[in-house]
Amino acid sequence: MALATGTAPPHPERTSTASQSPPDTGSEFAPLLRLVKGQGLLDRRTGWYARTIAVNALGLAAVVTGMALIGGSWWVLALAPVLAVLCARTAFIGHDAGHAQISGDRATNRRIGLVHGNLLLGMSYAWWNDKHNRHHANPNHIAKDPDVAADILVFTSEQAASRTGFRGWLTRHQAWLFFPLTLLEGLALKLYGFQDLRRQTGRERLVEGTLLVAHVAGYVTLLLTTMPLTHALAFAALHQALFGLHLGLAFAPNHKGMDMPDPDGEKWGHLRRQVLTSRNIRGGVLTDWFLGGLNYQIEHHLFPHMPRPHLRLAQSMVKAHCRDLRLPYAETGLVDSYRQALRHMYEVGEPLRADI
């Protein structure tokens, strides 16, 4: 179940906004890159990430301590939402490590990613990097971006046309089912990680597999040693469901309903490919924290190595550059972003509903 994952009307048949702006000359991105580099916004923020990792680790330790102290009471379930939020912070740290935002040393980033992904979350760092890098290279490209490949959900009328039976039913109702389905995403991410071990070889498979098994063993042991079985089952269900929902809330606004490049049409340069397919979310410090910086999706896609705290600082430069090029820059509120994404999925399923 791949759920990971604008201001223009999000209609599956709409005309690309690229046709409304000057053609990509191939050098549109270079001036912006020079400006951002000149401001030092691509420099690492090792201290910021060290503090973020330490605070998150202390939060996780506090929850584990709370589970041990009140595990015999049903009040322990109150810690499940807290743990879900902290696990989402953990996923954001692993995401940033995968983009080499934390350290200039590849091995250090990998170690951070393995600890935060495989060991703490049971989510394969290698699987995530492979999938996520393909997404970043060609966002919303129906033939190249795994996030818009036809699976549980579909994102174009062409994908919807071939859906029959149970999958057809899913497509007809996918807008209503999207957030309920994210409740299963925490478990799905673990399953994908174990499945990906077949692709991996040698030392990578050994390390990844060992850490994934260690996570499952550690998670089960933690639950069963801190609370009765009934409490443990309820805690795990609530924790995993809310963790998946949190990730869905963070990733849903980013690309769904935005432009989808024509595989056989005009080839976009880096600036156009990233800006036209991405949507930013307005907000302040709380939004930045809740969405892990992914609310600056345009800046993140333009500069995937940029440390998270610098994304806000780069936004005004990116906006000005897009304005100079007459290139649409999509930005909206959090609730409206969900409305746009869900409306796109609803309209994709419309032909199947009309055939009933």
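Return, ordered by residue number, the residues of the stretch 308-338 whose backbone nitrogen is under 11 Å from a label point located 7 Å along Cα→Cβ of T287. So the set is 331-337. The magnitude of the dipole of the chain, with charges of +1 and -1 set on the Cβ of Lys/Arg and Asp/Glu and taken from the Cα centre, is near 640 debye. Lysine pairs in the stretch 17-354 whose alpha-carbon atoms fall under 28 angstrom of each other, counting only those eight or more residues apart or on distinct chains, come to 15. Here's the picture: charge each Lys and Arg Cβ at +1 and each Asp and Glu Cβ at -1 in the stretch 17-354, and of M317, I298, L206 the one pushed furthest to the positive end of that dipole is L206.
Each Lys or Arg adds one and each Asp or Glu takes one away; over the other residues whose Cβ falls under 14 Å from the Cβ of S337, this sums to +3.
Can you tell me which of 288-295, 190-197 comes out highest on packing, and rank the rest after it, using the mean Cβ neighbours within 10 Å? Let's see the in-between values first.
Values: 288-295: 20.2, 190-197: 16.9.
Sorting 288-295, 190-197 by mean packing, highest first, produces 288-295, 190-197.
Between L58 and S103, how high is the FRET efficiency from 1/(1 + (r/R0)^6) when r is the Cβ-Cβ distance and R₀ = 30 Å? Nearest 0.05.
0.90
If Lys and Arg each add +1 and Asp and Glu each add -1, what is the summed charge of the other residues whose beta carbon sits under 14 Å from the beta carbon of Q195? Walk me through the numbers before you get to the answer.
Numbers: positive: K131, K190, R198, R199, R205; negative: D130, D151, D196, E208.
Local net charge: +1.
No lab work stands behind these numbers, since they all come straight from the coordinates. Every value quoted in this text rests on a predicted model; they were computed, and no experiment measured them. Every residue, glycine among them, receives a Cβ derived from its backbone with ideal geometry; neighbour counts consider all protein chains shown.
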